[in-house]
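Working notes, beginning with the structure itself.
What follows draws every value from the coordinates through simple rules; no lab data is involved. Just so we're clear, the structure is a prediction, and the values are computed from it rather than from any experiment. So basically every Cβ, Gly included, is an ideal-geometry build from the backbone, and we count neighbours across all protein chains shown.
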């Protein structure tokens, strides 16, 4: 069966997900998370793109990125192949590390870009892994809300923060807190947020 043709054009923005095969962990210790981020930076240096948000969960990853001159397929092949080799070598594993290919959804509006950033940054809260998004160390959230100008070198916050009034960091933080305290987003004691395909976020 032929693979589905993926839409790509210069400047395309995506929500990209990669999952461990059979829901297996992708990360076993802090060093693994950091290695993934290092490889992400190496990939960006080789195939430039703009990374708007990210969150690394136990068995899957979320990237919100914008392509420049390189198709997404090349970017993700480079990243996932190198990380799979790292994991297999370090833990003496064999076979596939990632489940099938990555998933990618084209973001076609500013409103949806903001929604996806919310979806990504609230994943640890939805999964019960953190009480608040700023408590989770492996996401880009703190770069968006830091009053002291804390920066994460990988992340470009300007695009999303430009959609919020001044001061944007405070408005973004307030936006996220409003979502967290809104009872309509809670189900069975956890935050319940739907993506465009009707799937809940926060799956470990």
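Assorted remarks:
- Selection count where residues are in contact with a strand residue (DSSP E or B) (Cβ under 7 Å, 6 or more places away or on another chain) and within 23 Å of residue 164 (Cα to Cα), scope the range 98-124: 9
- Residue list for the range 77-107, filter: under 23 Å from residue 156 (Cα atoms) and without any contact (Cβ under 8 Å) to a residue 24 or more places away in the chain: 77
- Complete set of residues in the range 141-172 that are assigned to a loop (DSSP other than H, G, I, E, B) and closer than 23 Å to residue 61 by Cβ: 146, 150, 151, 152, 153, 154, 156, 157
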